[in-house]
Amino acid sequence: MSLKVVTALKARQKFGTIMNAVSFKNDQYIVERKGMPMVAIIPIKKFKQMDKARQRFFSNMSKISDSFAGEVLEKLDDILAEATQAARQVERRRG
């Protein structure tokens, strides 16, 4: 697996080759236009993993949001500050 960068023109000219490299060798491509990254071409398996993770994230965020429904905003600020402080302490310990 490797990450390659190609221009939009090269991607159009070699699209079949790029698709094969992505599909069979798990290569990943960044397609640029005028030197700016525009899109990524990734294996479908990777896309599905990312989509599944995104769905889990939003599902979990919805559950968290629902669990705090009706709470006073000031209390939520305190909870978030406490959670942020705890996370920072964990990161400091990891070094």
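The values are calculated or read from the model by the stated rules, or taken from the named source; none is laboratory data. Just so it is clear, the structure is predicted and the values come from calculations on it, not from any experiment. A quick note on method: Cβ atoms are made from the backbone with ideal geometry, for glycine too, and the neighbour counts reach across all protein chains shown. Remember, those area values only see protein heavy atoms, side chains included, never the ligands or the DNA or RNA. Shrake-Rupley method; radii C 1.70, N 1.55, O 1.52, S 1.80 Å.
Observations
- When the residues Ser67, Ser2 are ordered by accessible surface, computed with a 1.4 Å probe over the protein chains alone, the sequence from largest down reads Ser67, Ser2.
- Pairs from the table (Lys14/Lys34; Lys10/Lys45; Lys4/Lys25) lying more than 22 angstrom apart at Cα are Lys10/Lys45.
- Charge sum, other residues only, whose C-beta stays under 13 Å from Gln28's C-beta, Lys/Arg counted +1 and Asp/Glu -1: +3
- MRE, 222 nm, helices only [DSSP H, n ≥ 4, -39500 (n - 2.57), over the chain, to nearest 500]: -22000 deg cm²/dmol
- Residues within the reach of a label modelled at Asn26 (point 7 angstrom out along Cα to beta-carbon, backbone nitrogen below 17 Å), restricted to region 41-69, are 41-51.
- Inter-site label distance for Ser59 and Asp78 at 7 Å from Cα along Cβ, in nm: 3.3 nm
- Note on the chain: Cα Rg divided by 2.2 N^0.38 Å, N the number of residues, gives 1.70.
- Counting only heavy atoms of the protein chains and using a 1.4 Å probe, Met38 has close to 110 Å² of accessible surface.
- When each of the peptides 4-15, 50-61 is scored by the mean number of other C-beta atoms lying within 10 Å of its residues, the order from highest to lowest reads 4-15, 50-61.
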